Amino acid sequence: MLLPIGDDNRDRTITPFVNYLLIALNIFVFIYWQQWGKDLPVTFGYATVPAEILSGSDIVTHNKILTDPYSGQEFQLPGLQRSPFPVFLTLITSMFLHGGLAHLLGNMLFLWIFGDNIENALGHFKYLMFYLVCGILASLSHVFSTLILGQNLLIPSLGASGAISAVLGGYMLLFPTRGVHVWLFFFFVVTIPSFVVVGMWFVFQVMNGLGTLGGEEAGGVAYAAHIGGFVFGLLLVKRFIKRVRSRRAWWNA
């Protein structure tokens, strides 16, 4: 069990206020807007629904009564809610929603550790664009994998995981040997190169993603968004850096 708790930030030259803002916004949305995850109509109204993205139209469904196969307990699952704006904007709003406190804390921990280094490399504005663009592409990866694999197109997807996966992909490419401090088996703190830590995380996503083939997303986790976000992060991060460098070169000329 490897749990990242920090990394080497000695070369950071800027204050990553965009990363701080993203973390604060995610926390604010979960506490105030989602009411600690209890306001399910808000959650289901602003999440990304593959069928809505593919059709371009809003879908409203009735509540369902489901039975837990293990406990036999019945609970009500709210239906899809009407969105107050074009459904394509849910590709952005869903990035700031979370299914529970553990979901939020896990995502924010990874964003806190790895996001500041990417912001330092790209600059504030380019980092924000990188985060949002890759988050949208990660959600689209989930949408189209759901269609191709014949999974339920009405199950909503939410969370910052896709965008954060892109941050991890960019981090591993830019800082492959940087030391990441991890909590090993909850007893020891060791420092491991980032390509090992992030690489193991990616392998885990792929293995779990393969386990969803032919069925629903395992445990409600959109692994295709994680994998897609990571790949797009790898592919795009240096494009953003080149633009930053070219602009600085022009400015200094």
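Numerical summary
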| quantity | calculated |
| --- | --- |
| GNM top mover of 159, 229, 56 - the chain, alpha-carbon springs below 10 Å | 56 |
| Residues with amide H under 5 Å from that of residue 157, placed H, sequence gap 5 or more | 48, 49 |
| Among 166, 224, 24, residue whose mean-square fluctuation peaks in a GNM of the chain (springs only between Cα atoms under 10 Å) | 24 |
| Residue 28-residue 11 pseudo-label distance in nm [points 7 Å out on the Cα-to-Cβ vector] | 3.3 nm |
| Phi to ³J(HN,Hα) by Karplus 6.51 cos²θ - 1.76 cosθ + 1.60 over the stretch 6-11, Hz, x for Gly, Pro | x, 8, 7, 10, 5, 9 |
| Among 55, 106, 14 the positive-end extreme of the charge dipole of the chain (Cβ point charges) | 14 |
| Choice from 126, 38, 64 with maximal GNM fluctuation in the chain (Cα, 10 Å cutoff) | 64 |
| Helix 124-148 axis, angle to the chain major axis (alpha carbon atoms, nearest 10°) | 40 degrees |
| Distance between modelled label sites at residue 206 and residue 183, nm, 7 Å Cα→Cβ extension | 2.8 nm |
| Cα extents of the chain along the three principal axes, largest first (Å) | 61, 47, 36 |
| Isotropic mean projected area of the C-alpha convex hull, the stretch 136-181 (nm²) | 4.4 nm² |
| P(r) tail fraction, the stretch 76-188 - alpha-carbon pairs more than 25 Å apart, % | 33 percent |
| Chymotrypsin sites (Phe, Trp or Tyr not before Pro) lying in DSSP loop within the stretch 159-199, provided at most 14 other Cβ fall within 10 Å | 185, 186, 187 |
| Whole-Hz ³J(HN,Hα) from phi, Karplus 6.51 cos²θ - 1.76 cosθ + 1.60, for the stretch 13-25, glycine and proline x | 10, 10, 7, x, 5, 5, 5, 4, 5, 4, 5, 4, 5 |
| Note, ³J(HN,Hα) from phi for the stretch 26-41, Karplus 6.51, -1.76, 1.60, rounded to Hz, x at Gly and Pro | 4, 5, 4, 4, 5, 6, 8, 7, 8, 6, 6, x, 8, 7, 5, x |
| For the stretch 6-46, average projected area of the Cα convex hull in nm² | 4.0 nm² |
| Overall form of the stretch 92-146 per C-alpha gyration tensor (a/c, 1.5; a/b vs b/c) | oblate |
| For residue 180, residues with placed amide H under 5 Å, excluding near neighbours | 192, 194 |
| Check: the chain dipole with +1 on Lys, Arg Cβ and -1 on Asp, Glu Cβ, in debye | 1100 debye |
| For the stretch 1-142, average projected area of the Cα convex hull in nm² | 10.9 nm² |
| Under 5 Å, built H, 5+ apart or other chain: amide partners of residue 80 | 61 |
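Here, each number is a calculation from the coordinates, and none is a lab measurement. Owing to the predicted nature of the structure, the values given are computational and were not obtained by experimental measurement. Cβ coordinates were reconstructed from backbone atoms using ideal geometry, including for glycine residues, and neighbour counts include every protein chain displayed.
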